[in-house]
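Participant: Structure incoming, see below.
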Amino acid sequence: MQMTSRRYHFDLIATALHALTVIVACVTAEFRKTFTGQCLLCMEIVAFFFHLWYIRTKAGIGNPGVPRKAKWYEYGISATLGTIAVLHSPDRDPNLEWIILFFFIGNAQQLIGLQIDKSEFTEIWPAFIAGTLIQLGEYAFVGLISGVSVLYAIYVGFYALFGIHAFLRLKRLEENVGSDDDYTEEIYSFYGFIAKLAVFYADYLSIVGVSDSVISGIAAVVFVITVGYAHATYPVSTKYISHITPPSSDHLEYERSYALRL
C-alpha cells in the first residue's frame with residue numbers, strides 16, 4: 001500500500017506543478033507567442049487534466065486499471081506535443097507535414113504498447129525492438145531538423161528514461177524475477193511529469209534569456225535526482241532471486257501493458 005499511496009501522491013504533485021506551469025506560460029507573453037511555447041502550453045494543459053482525472057479515479061489506489069491504460073492516450077498527445085515543440089525550436093514556423101508525421105509516430109509507439117498488452121511474453125521483444133527503433137528514428141529526425149542543442153539533449157535524455165525502465169522491467173520478467181506492480185506504475189508516473197516539465201522549462205528559460213550553461217546545470221541536477229530516486233526505491237535486485245516469488249499471471253499482464261512507454 002505504501003507504493004500505491006505514493007503513486008497517488010505523485011498525481012497530486014504533478015497536478016499542482018502542471019497547473020503552475022500553465023500559469024507561468026500564460027503570463028509570459030514572449031513565450032506563449034512562439035509556436036514552440038504554444039505546443040508546450042498545450043502539453044501542460046493536457047497533462048494537467050489527465051492527472052486531475054487520475055486523482056478523481058484514485059489512480060493506483062482503487063481499481064487503477066482504467067487510468068493506467070489511459071496514460072497511453074495521455075502520452076500519445078502530451079509527449080508528441082513536446083516532441084513537436086523541440087522539432088520547431090528555437091522559433092520555426094509551424095510545419096503541418098512534420099506535425100502530422102510526429103502525431104502518427106508518437107501514437108504508433110502507444111499502439112505497440114497495446115499490442116504488447118495482448119501478446120504472449122515470447123512476442124514482446126520484437127515489439128519492444130520495433131518501438132525502440134521508432135523512438136531512435138524520432139530522435140534522429142528531430143536532431144537533424146532542429147540541430148543538437150541543450151533543449152534537444154534534455155528532450156532525448158529525459159524521454160529515454162521510459163525506454164530504459166521498460167527494458168529493465170522486461171528483463172526482470174524474462175528472468176522470472178519477482179515483480180512490484182506499484183513500483184512500476186509509480187516510476188512511470190514520476191518520469192512522466194518530470195520529463196514534460198524538464199522539456200517545458202528548458203525551452204522557457206532559454207526564451208526568457210537564461211544561458212545554456214545554467215539550463216544544462218539545472219537539467220543535470222534534476223536528471224541525477226530523478227534517476228537516483230528510481231534507483232533508491234527499486235524494490236528488489238535480481239541478485240536476490242532466491243528470496244523472490246515468481247510473478248503471477250496478473251503481474252505479467254500488468255507488466256506487459258506498461259513495459260513500453262517510450
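Participant: Looking at (1) aliphatic (A, V, I, L, M); (2) surrounded by 14 or more Cβ atoms within 10 Å (Cβ to Cβ); (3) farther than 28 Å from HIS51 by Cβ; (4) modelled with pLDDT under 85, find the lone condition where VAL148 falls short.
Facilitator: (2)
Participant: Looking at (1) modelled with pLDDT under 95; (2) under 20 Å from ILE187 (Cβ atoms); (3) crowded, with 17+ Cβ neighbours inside 10 Å, can you tell me which one GLN2 breaks?
Facilitator: Every listed condition holds for GLN2 apart from (3).
Participant: So, of the residues in segment 161-189 that are under 21 Å from THR226 (Cβ atoms) and of a type in the set (Val, Ile, Thr), which turns out to be modelled with the highest pLDDT?
Facilitator: Filtering segment 161-189 for residues that are under 21 Å from THR226 (Cβ atoms) and of a type in the set (Val, Ile, Thr), the one modelled with the highest pLDDT comes out as ILE164.
Participant: For residues in segment 209-226 being of a type in the set (Val, Ile, Thr) and touching a helix residue (DSSP H, G or I) at 6+ places or on another chain (Cβ under 7 Å), which is farthest from PHE162 (Cα to Cα)?
Facilitator: Step one: of segment 209-226, the residues of a type in the set (Val, Ile, Thr) are 210, 214-215, 218, 221-222, 224-226.
Narrowing the set further to residues that are touching a helix residue (DSSP H, G or I) at 6+ places or on another chain (Cβ under 7 Å) leaves 215, 222, 226.
Numbers: ILE215: 22, VAL222: 16, THR226: 12 Å.
Ranking the qualifying residues of segment 209-226, first place goes to ILE215.
The values are calculated or read from the model by the stated rules, or taken from the named source; none is laboratory data. In this text the structure is predicted, and so the values were computed from the model without any measurement. Counting neighbours? That spans all protein chains shown, and the Cβs are built from the backbone with ideal geometry, glycine included.
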